[in-house]
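The values are calculated or read from the model by the stated rules, or taken from the named source; none is laboratory data. Keep in mind the model is a prediction, meaning the values are calculated, not measured. Neighbour counts run over all protein chains shown; Cβ positions are idealised from the backbone, glycine included. Note: accessible area is taken over every heavy atom of the protein model, side chains too, but ligands, DNA and RNA are not part of it. Shrake-Rupley method; radii C 1.70, N 1.55, O 1.52, S 1.80 Å.
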Amino acid sequence: MARALITMPKTAKRGEIVEIRTLIAHPMETGYRAGDDGQLVPRDLIRRFSCRYDGELVFSAELFPAVAANPYITFCTLATASGTLQFSWEGDRGFSQTENVVLTVT
Amino acid sequence: MRRWWLALCVVASVGAASDTRRSGFEFMTPETQAIQRDDAQNPAMLWVQEGAAAWERKAGTAARACIDCHGAAPTSMKGVATRYPAFDAATRRPITLGQRINACVVDRQHAAALVPESQELLALESFVAMQSRGLPIAPPEDPRLAPFRERGEKLYRQRVGQLDLSCAQCHDERAGGRLAGATIPQAHPTGYPIYRLEWQGLGSLQRRLRGCISGVRAEPFSYGAVELTELELYLARRATGMKIETPAVRP
């Protein structure tokens, strides 16, 4: 399992905008580069990132070869109610990772 | 008493102003500096996180974790990275922080040695070195290190490779200038292991040195070679008093 870092507040007031920052370890291999043996290194990308807030999709992004290794994605959402934010990254070679973070809304 | 204090303050500020040494951080663009300033953005923190987990993970036939002997890293490892490379009595040569960690892995955990530059070793090294963040580099005053450090300085000033360049010619005489599109820094080892954008990953000071050596088209020393450690010893003395930034980001 890849390492992921999610930085966000644990608590927020109702109606407050919370900033969420995510970082995940991934090579983001483009598929255009040659390795030491001269052969093309097979493409290995994260293709899609999404964030669900208590099941509702609040943010998603598609990723392409121009994105550097270890993608950093940051976005904001509105704190509506206490719940779980589910972050998922999906990509080539069956790559799939999910992280859950609880947000308490007061 | 007050006058004495004032005089001391003036001396101290003059001392700071006359120090022309600059960390590589100051040669970077504001955008790259921003990545290093913010741990939530700094990709090196992924390795640090891994190192923190490895610190508590039991390994080897001794089934022992780092934490079992050393305790919590923020207290026990604070300042350790400022003192490396240090003299190792067992092998009678200077060793780097990474080599010290590896010696512990083999001798105390009875586990297989970690491969130099492996992700596992870099993770532990960055985690340990980060505990010294903000502390000044303080090479040990060990007389046994002196001959190694002298050889390191000699190597630093020796022209090598097809380009016939020494480290000093770029990093002492032309620091701040440009090598093609890149700014030449002063080569102070303040933030290793570093996340280098060019590498798209974390790497040690030895990897950086090897990159420079092959850059002037000389045959690089292999990982763990005593020559690289000697160079590191000289660089550490050259950077004495500069603050550790680990895990740093470099272009």
Which residues, counting only those in the stretch A:57-78, are more than 14 Å from chain B (Cβ to nearest Cβ) and either free of Cβ contacts under 8 Å to residues at least 40 places away in the same chain or farther than 23 Å from A:V18 by Cβ (or both)? A:L57, A:V58, A:F59, A:S60, A:A61, A:E62, A:L63, A:F64
Top-ranked residue in the stretch B:107-132 [being among the charged types (D, E, K, R) and touching a helix residue (DSSP H, G or I) at 6+ places or on another chain (Cβ under 9 Å); ranked as surrounded by the most Cβ atoms within 10 Å (Cβ to Cβ)]: B:E125
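Given the criterion closer than 15 Å to B:M28 by Cβ and surrounded by 14 or more Cβ atoms within 10 Å (Cβ to Cβ), identify the matching residue among B:P185, B:P139.
B:P185
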Single condition B:F87 does not satisfy, out of (1) more than 14 Å from chain A (Cβ to nearest Cβ); (2) open to solvent by less than 30 Å² (accessible area, probe 1.4 Å); (3) touching a Leu at 6+ places or on another chain (Cβ under 7 Å): (2)
Unmet criterion (only one of (1) open to solvent by 40 Å² or more (accessible area, probe 1.4 Å); (2) under 18 Å from the mean Cα position of the chain (by Cα)) for B:Q162: (2)
In this structure, does A:A81 turn out to be touching an Asp or Glu at 6+ places or on another chain (Cβ under 8 Å), exposed (fewer than 12 other Cβ atoms within 10 Å of the Cβ) and either more than 14 Å from chain B (Cβ to nearest Cβ) or modelled with pLDDT of 95 or more (or both)? yes
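Against the condition among the charged types (D, E, K, R) and modelled with pLDDT under 95, how does A:R52 come out, does it pass?
For A:R52, the condition - among the charged types (D, E, K, R) and modelled with pLDDT under 95 - is not met.
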Quick check: is even one residue across the stretch B:1-20 assigned to a loop (DSSP other than H, G, I, E, B), under 24 Å from the mean Cα position of the chain (by Cα) and at pLDDT 95 or above? no
Tell me whether the stretch B:117-130 contains one or more residues that are more than 21 Å from B:N42 (Cβ to Cβ) and in a helix (DSSP H, G or I). no
Filtering the stretch B:226-250 for residues that are open to solvent by 10 Å² or more (accessible area, probe 1.4 Å) and assigned to a loop (DSSP other than H, G, I, E, B) leaves a count of 5
Yes or no: the stretch B:176-187 includes at least one residue that is on the phi > 0 side of the Ramachandran plot, in contact (Cβ under 8 Å) with a residue 60 or more places away in the chain and out of contact with any Leu (no Cβ under 9 Å at 6 or more places or on another chain). yes
Pairs under 6 Å by beta carbon, first residue within 14 Å of chain A (Cβ to nearest Cβ) in the stretch B:188-202, partner in a loop (DSSP other than H, G, I, E, B) and surrounded by fewer than 21 Cβ atoms within 10 Å (Cβ to Cβ), six or more apart or different chains? B:L197/B:P251; B:Q200/A:A69
Flag if A:D54 is touching a residue at least 12 places away in the same chain (Cβ under 8 Å), more than 14 Å from chain B (Cβ to nearest Cβ) and open to solvent by 20 Å² or more (accessible area, probe 1.4 Å): yes
Select, from A:T84, A:T30, A:T77, the only residue that is polar (S, T, N, Q) and under 14 Å from B:Q200 (Cβ atoms). A:T30
Only one of B:R108, B:R92, B:R37, B:R64 is basic (K, R) and within 14 Å of another protein chain (Cβ to nearest Cβ), namely B:R37
Top-ranked residue in the stretch B:39-98 [being of a type in the set (S, T, N, Q) and in a helix (DSSP H, G or I); ranked as farthest from A:A4 (Cα to Cα)]: B:T82
Keeping to the stretch A:91-106, report how many residues are out of contact with any Phe, Trp or Tyr (no Cβ under 8 Å at 6 or more places or on another chain) and either open to solvent by 50 Å² or more (accessible area, probe 1.4 Å) or under 10 Å from A:L45 (Cα atoms) (or both). 7
Which members of the stretch B:188-202 meet the condition of being open to solvent by 20 Å² or more (accessible area, probe 1.4 Å) and among the hydroxyl-bearing types (S, T, Y)? B:Y192
Taking the stretch A:7-35 and keeping residues open to solvent by 70 Å² or more (accessible area, probe 1.4 Å), more than 10 Å from chain B (Cβ to nearest Cβ) and not hydroxyl-bearing (S, T, Y) leaves A:K10, A:K13, A:R14, A:E16, A:I17, A:R33
In the stretch B:59-73, is there at least one residue being closer than 25 Å to B:H188 by Cα and touching a Ser or Thr at 6+ places or on another chain (Cβ under 7 Å)? no
